[in-house]
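Okay, structure first, notes after.
Throughout, read-outs are computed from the coordinates displayed, never taken from laboratory work. Keep in mind it's a predicted model, so treat the numbers as computed, not measured. Reconstructed Cβ throughout: ideal geometry from the backbone, glycine too, with neighbour counts over all protein chains shown.
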Amino acid sequence: MTDSSDGSGPIGRDPQTSHTQDQQAELVVPAPPAVVLERFADQAELLVRYAELLAGPGTVRGLLGPRELPRLWDRHLLNCIAVAELVPTGARMVDIGSGAGLPGLAIACVRPDLRVDLVESLLRRTDFLTEVVDALGLADRVRVIRGRAEDGPVIAQAGGAPVVTARAVAPLDKLVRWAAPLLAPGGSLLALKGDTAEQELAAHQSMLRRSRMESAGVMECGVGLVDPPTRVVRLIKR
């Protein structure tokens with residue numbers, strides 16, 4: 001799908017949306033939980049700035065619902081950051097269907113050793129992602145790629161990755177078809193799936209065999225960081 005809109009302007013300027021300035025003023029950024037300062041002291045400032053951009057321009061421009069603001073940290077940021085423990089040191093990671101940057105950009109904030117490609121097909125979202133990457137000073141190691149994960153030009157740019165991530169993008173069978181061409185042999189697809197993880201794995205065993213993807217099971221990440229822990233289906237490309 002192609003979004004022909006031109007976004008809603010650079011971050012920090014008043015976007016041309018139906019939201020009034022009064023409505024924008026009501027978008028309050030919740031304070032980070034203590035665990036953020038305890039575990040990510042060196043990255044806490046960066047995470048808070050990203051949270052501000054999600055809660056402000058991200059909400060005004062429709063990438064995050066206003067009702068999500070009270071749970072911005074636990075349901076979104078910490079839920080995504082938890083996946084970082086499954087990503088090898090110094091890896092290149094491709095996040096497909098990145099949207100507002102979850103989980104890819106959130107992981108990049110706490111893992112300065114990673115190079116991250118954010119793949120997104122909608123122009124208004126890639127505009128937002130590009131502006132956020134620049135605002136956070138991450139352009140040297142985070143790249144925004146506009147296109148579908150299965151597109152040839154995207155595979156040419158981002159293929160051969162040791163890790164692909166995805167959150168709330170598609171059912172597991174479609175996700176595997178999109179992610180497999182981007183993975184290096186032995187690479188891992190990390191799919192955030194929540195309560196449906198086991199059911200989806202059971203339902204798609206034959207598809208996984210055909211796709212030469214091997215299940216490494218359902219992993220629980222972020223114990224002690226977020227409650228409940230993040231549940232991730234990990235698949236390995238044979």
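More than 25 Å apart: what percent of Cα pairs in the stretch 117-238 qualify?
Summing the P(r) of the stretch 117-238 above 25 Å gives 29 percent of all pairs.
Mind checking the dipole of the stretch 21-237: about its Cα centre, +1 per Lys or Arg Cβ, -1 per Asp or Glu Cβ, Debye to the nearest 20?
Around 800 debye, computed over the stretch 21-237.
If I take R0 = 25 Å and measure r between the Cβ atoms of Asp74 and Ala41 in this structure, what FRET efficiency does the formula 1/(1 + (r/R0)^6) give, to the nearest 0.05?
The value I calculate is 0.85.
Just the number, please: percent antiparallel of the DSSP beta bridges in the stretch 21-237, rounded to the nearest 5.
40 percent
Obtain the radius of gyration and the Kirkwood radius of the stretch 132-192 from its C-alpha atoms and give Rg over Rh.
The Rg/Rh ratio comes out at 0.99.
Could you order the peptides 206-215, 172-181 from most to least packed, using the average number of other C-beta atoms within 10 Å per residue?
Taking the mean over residues of other Cβ atoms within 10 Å, the ranking is 172-181, 206-215.
Restricting to Cα atoms and excluding each atom paired with itself, what does the Kirkwood estimate give for the chain in Å?
Radius from the Kirkwood sum: 18.1 Å.
Kirkwood hydrodynamic radius of the stretch 21-117 from all distinct Cα pairs, in Å?
13.8 Å
At 7 Å along Cα-to-Cβ for each site, give me the label-to-label distance between Asp140 and Ile236 in nm.
3.4 nm
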